[in-house]
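*Asks:* Right, I'll just put the structure down here and ask away after.
Derivation of every value follows stated rules applied to the coordinates shown; laboratory data play no part. Note that this is a predicted model, so its numbers are computed, not measured. As a convention, Cβ positions derive from the backbone with ideal geometry for all residues, glycine included, and neighbour counts pool all protein chains shown.
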Amino acid sequence: MIGIASLLPILNLHLPFNTAAFDYMNGVLVGFWILYMMMHRILDLRLIPPFLVLLLGSLLSMFESPNLDLNILTIVQEVYLALFFIVLYNVLESERDAATLVRFWMVFAAIQGVFILGDLANLFSGRAQGTFDNPNMAASYVGISMFLALHPACGFPWPLRAGYILLMAGALFATKSLSGVAGAIIATVVAYTLYWFRAAGGRRARNLAVALVVVLLAGLAFAQVMGVHNFLDRGPKSADSREQIWKAGLNSFLRSPLGMGVGPGGFVEGGYVSGGVWGEGRHISLHSDYLSFLTERGIIGFLGLLALLGSLGLMVWRAVLAHGSRNEFLWRLALWAAFCFIAIDALGHEVLHYRHVWVIFALIALEDRRVGKQAEEGNPSLQPSTLPFTGAAPQPLYRGQA
């Protein structure tokens, strides 16, 4: 857990094949754990159906591709991330294991937040990135990390958690990522709205008053940063560049609905974006997970992506709807907010190759497993139901009060 939490943010060391120091440690551990679990217990293979659909779309799209070496490297990286997810999900056997991981994550995220704010202090007109490869990756990490403070067993008192959340929010601003800030705001509003509806009648007025105060303070703070260089003033240029990139991506998809001739990760080599801010043109990635899967893997790969995100969304939504203690509900809301943040950030960036995203996916699957166990213990007479595409065994839905 210490190795994962400490090495995940260190990505500015440019090692062969886009690897990081984390991958070498993690590769050994993943191999060891797979061997150990194959010998001693049955490996729980969650999300295998969407993984297989994605793999099928990826393989079909590689026909006639002139960039087979890049396609193969991309698939290898994605298989590695899928194995990392499966192993981490199996290794996290209890809430205590998850709390240990979250606790160490928060410690190293706080250190990373200090580094990122230090970057901003050194060059206020620039975009901070800490030890990440770019500011958008840093924004994804600190945006997700902010929600982990709601884990009920992380071991930190609430005043310290509040300071941690403020530190993550400050680091997120320091990256000056428009999609990161927007995703965090939207995800927080959605989660707080769900919390407000769940609250008892007497608490709703208090929660609404707290929300109004926070919105007022946030509005005042936002008014102060509107003129900050390299933040909101990047909006028109960013929108124009995305328009040209996405137009080129859609044209590529229409020429080959199965992605043939492009392949996984192949647009950055075979695609060409011109017009607008790009002038005569250049090779560049598609800057959107949804569009990259549609363009590079075709309809089948895109359906696999929807199945993957839909399965994870169903898992965390089922956990939110399950009746439990207030602390459990807050943690499940935090996971829902983190999932929404990832889904929104994926609109403007390719985030599914970020390693920390797959740790959140493992925590979501773990919470879904806990809800299933609580259902079995709470009311075994309920009829079993299944979640499509998740690979989950039939489990009764828990609708009793804690």
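*Asks:* Treating cross-link reach as a plain straight distance, find the lysines whose alpha-carbon is under 17 Å from the alpha-carbon of Lys247, omitting any fewer than eight places away in the same chain.
*Replies:* Those lysines meeting the cut-off are Lys237.
*Asks:* Restricting things to alpha carbons, tell me how big the range 329-377 is in terms of Rg and Dmax, in Å.
*Replies:* In Å, with Rg to one decimal and Dmax whole: 12.6, 42.
*Asks:* Sticking with this structure for a sec: Quick one: Glu95, Glu64, Glu367, fewest Cβ neighbours within 10 Å first, how do they rank? Mind dumping the intermediate values first?
*Replies:* Values: Glu95 16, Glu64 11, Glu367 24.
Going from least to most buried by this count: Glu64, Glu95, Glu367.
*Asks:* I would also like to ask the following. Out of these labelled values of Cα extents along the principal axes in Å, (i) 61, 56, 36; (ii) 61, 49, 37; (iii) 89, 52, 35, which was calculated from the coordinates shown here?
*Replies:* Given (i) 61, 56, 36; (ii) 61, 49, 37; (iii) 89, 52, 35, the structure-derived one carries the label (i).
*Asks:* Here's another thing I want to ask about it. Give or take rounding to whole Å, what are the principal axis extents of the alpha carbon atoms in the range 111-154, in descending order?
*Replies:* Result for the range 111-154: principal-axis Cα extents of 38, 17, 15 Å.
*Asks:* Tally Lys/Arg at +1 and Asp/Glu at -1 over every other residue whose Cβ is under 11 Å from the Cβ of Leu7; what's the total?
*Replies:* On the way: positive: Arg355; negative: Asp23.
Net charge around Leu7: 0.
*Asks:* Now, a different point. In Å and from the alpha-carbon atoms only, list the Rg and Dmax of the range 165-241.
*Replies:* For the range 165-241, the Cα-based Rg and Dmax read 15.1, 49 Å.
*Asks:* Over the range 41-129, what relative contact order in percent results from Cα pairs under 8 Å that are six or more residues apart?
*Replies:* Values: 20 pairs, mean separation 19.4, N = 89.
Computed value for the range 41-129: 22 percent relative contact order.
*Asks:* Under the rule of -39500 (n - 2.57) per DSSP H run of 4 or more residues, summed and divided by the residues of the chain, what mean residue ellipticity at 222 nm is obtained, to the nearest 500 deg cm²/dmol?
*Replies:* Numbers: 14 runs with 274 residues, N = 402.
My calculation for the chain gives -23500 deg cm²/dmol from helical runs alone.
*Asks:* Hey, another quick one. Mean-square fluctuation check for the chain, GNM, Cα pairs under 10 Å: which of Ala182, Ala149, Ala307 is largest?
*Replies:* Most flexible of the set in this elastic network: Ala182.
*Asks:* Now for a separate question. If neighbour count is taken as other Cβ atoms inside 10 Å, put Thr175, Thr193, Thr19 in order from fewest to most. Let's see the in-between values first.
*Replies:* Details: Thr175 28, Thr193 12, Thr19 15.
The order, fewest Cβ neighbours first, is Thr193, Thr19, Thr175.
*Asks:* Taking the beta-carbon count within 10 Å as an exposure proxy, list Thr100, Thr295 from fewest neighbours to most.
*Replies:* Working: Thr100 18, Thr295 29.
Fewest-to-most ranking of Thr100, Thr295: Thr100, Thr295.
*Asks:* How are the Cα pair distances of the range 17-166 distributed, in percent, across 10 Å bins from 0?
*Replies:* The calculated distribution, bin by bin, is 9, 26, 33, 23, 8, 1.
*Asks:* Is the range 282-340 rounded, prolate or oblate when judged by the Cα gyration tensor, a ≥ b ≥ c being the square roots of its eigenvalues, rounded requiring a/c under 1.5 and prolate requiring a/b larger than b/c?
*Replies:* Values: a/c = 7.79, a/b = 2.44, b/c = 3.20.
Here the range 282-340 falls in the oblate category.
*Asks:* Taking K and R as +1 and D and E as -1, what net charge do the other residues with C-beta under 14 Å from the C-beta of Trp33 add up to? The partial results should precede the final answer.
*Replies:* On the way: positive: Arg41; negative: Asp44, Glu93, Asp97.
Within the 14 Å Cβ shell, the charges total -2.
*Asks:* Could you identify which residue out of Trp33, Trp331, Trp158 has the top mean-square fluctuation in a GNM of the chain using Cα springs shorter than 10 Å?
*Replies:* Between Trp33, Trp331, Trp158, it is Trp158 that shows the largest mean-square fluctuation.
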